[in-house]
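Laboratory data are not the source of any read-out in this text; all were calculated from the coordinates shown. The model shown is predicted, which means the values in this text are computed figures rather than measured ones. Heads up, the Cβs are rebuilt from the backbone with ideal geometry, glycines too, and the neighbour counts pull from every protein chain shown.
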Amino acid sequence: MSNFPRLRLRSPGRAAPYNGVTVPTLQVDVGHSSYPIRIGAGLLGDSALFAASLAPAGLLIVTNTVVAPLYLTRLHAALGRDAPLCVLPDGERHKTLNTLETVLDALVEARLSRDGTVIALGGGVIGDIAGFAAAVYQRGIAYVQVPTTLLAQVDSSVGGKTGVNHPGGKNLIGAFHQPRAVIADTDTLSTLPDRELSAGLAEVIKYGCIWDPALFEWLESNIARLRSRDPEALEAAIARCCAIKAEIVGRDERESSLRAILNFGHTFGHAIEAATHFEQWLHGEAVGLGMIMAADLSARLGRIARPDAARIRALVAAAGLPVDPPRIGAGRAADLMRMDKKVLGGRVRLVLLERLGRATVTGDYAEDAYTATLEEHFA
């Protein structure tokens, strides 16, 4: 992938165990917008960092009932003051237009002007909803991502995708709106439930599959360190994933081509989430299952070797993720996948692997192989 622009790195931190790469501050540049990703322990208490990241006027903090008791006091201390709050219920099932309206009502009540800032304190659901509210309130105000889950720190907080779900499908309503900054305090992972940590590891595995085979091999050797929350391993994985995503987003902000490979496993996974009403499976769990199915189809088509598909399944299992999807029915899965945002001309376009570390988005695949994958995993 050396033909794409290299990422600009600033203020490298201490050495990390991923191929000797230091844990950096990353700079995302999409042309019209440029912002830093700060990664490290203790950042939630860094008042100077927040002062540099906020727009000059008012604030609204958006968080949820789980995160607020854990980290709100620390954030208020860093800000040097209390700020208006919008505390939402926890869970993917609340990522709806009704919840978005709650945030918009809070923005109006707080009387934020166009030079105000929304702070998204929480995981991917909070980041997506708060970012979407910031995108549409007064036609767009600033927001800062403060991700507190591994999944949000390695993936959803970076790149400016915001939105909510619809009963017909995942993330069908949304907007591209880049944050002013991403502040990823790795100390917040200490309170993350094991299941949520594993869900975040699914997105880490994704980056190894689609972009960086050395990362995939490193994960095979270090997945136990990550599950045991080894600080150096976590910082290294977060930094590498953010660097990859920043490079991809810098090349293709609005998913017209390259960025779509970041959806590896997601089209299958979104069908699982929608079929189970966004209640039974965590997003990362569904993505892990989706990657297994996408790898299976890639192997059926002769794009990758069967042993590589088996390695992906084994790594997903080693991350503590489920490997057997719910039997929602092949027909039901196909219907839900036709609601995916990558569908063009009625054809489901899928992210498939050419080899470990290289992915492509295509609608050119044998229908019988696609049907066989759906029937094996969903029927």
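A few remarks follow.
- Length added when fully stretched, E220-R74, from 0.36 nm per residue minus Cα-Cα: 49.0 nm
- Using alpha-carbon coordinates, inclination of helix 97-109 to the longest axis of the chain, degrees: 10
- The shape of the stretch 255-378 comes out rounded: with a ≥ b ≥ c from the C-alpha gyration tensor, a/c is under 1.5.
- Cut-off 15 Å between beta-carbons: net charge of the residues surrounding D194, Lys and Arg +1, Asp and Glu -1: +1
- For the pair the stretch 193-264 and the stretch 322-348, the centres of their Cα atoms are 24 angstrom apart.
- Under 13 Å from a label point set 7 Å out along the Cα-to-Cβ vector of R251, the amide N atoms of the stretch 259-301 belong to 259-262.
- Only helices enter the 222 nm calculation for the chain: every DSSP H run of n ≥ 4 contributes -39,500 (n - 2.57), and dividing by all residues gives -13500 deg cm²/dmol, rounded to 500.
- Taking a Cβ cut-off of under 14 Å around G122, the surrounding Lys, Arg, Asp and Glu residues balance to a net charge of -3, with basic ones at +1 and acidic ones at -1.
- When both bridge partners sit in the stretch 8-249, DSSP labels roughly 40% of those beta bridges antiparallel.
- Tilt relative to the chain, helix 231-251 - C-alpha long axis, 0 to 90 degrees, to 10: 80
- The stretch 357-379-the stretch 275-290 distance, computed between alpha-carbon centres (Å): 19
- Inter-label distance for A305 and S113, nm, one decimal - labels placed 7 Å from Cα along Cα-to-Cβ: 6.4
- Spin-label pair A369/Q138, simplified geometry with 7 Å Cα→Cβ offset, distance in nm: 5.2
- Net charge contributed by nearby residues that have their C-beta within less than 12 Å of A134 (K/R +1, D/E -1): +2
- Separation between Cα centres of the stretch 68-95 and the stretch 117-154, rounded to whole Å: 12
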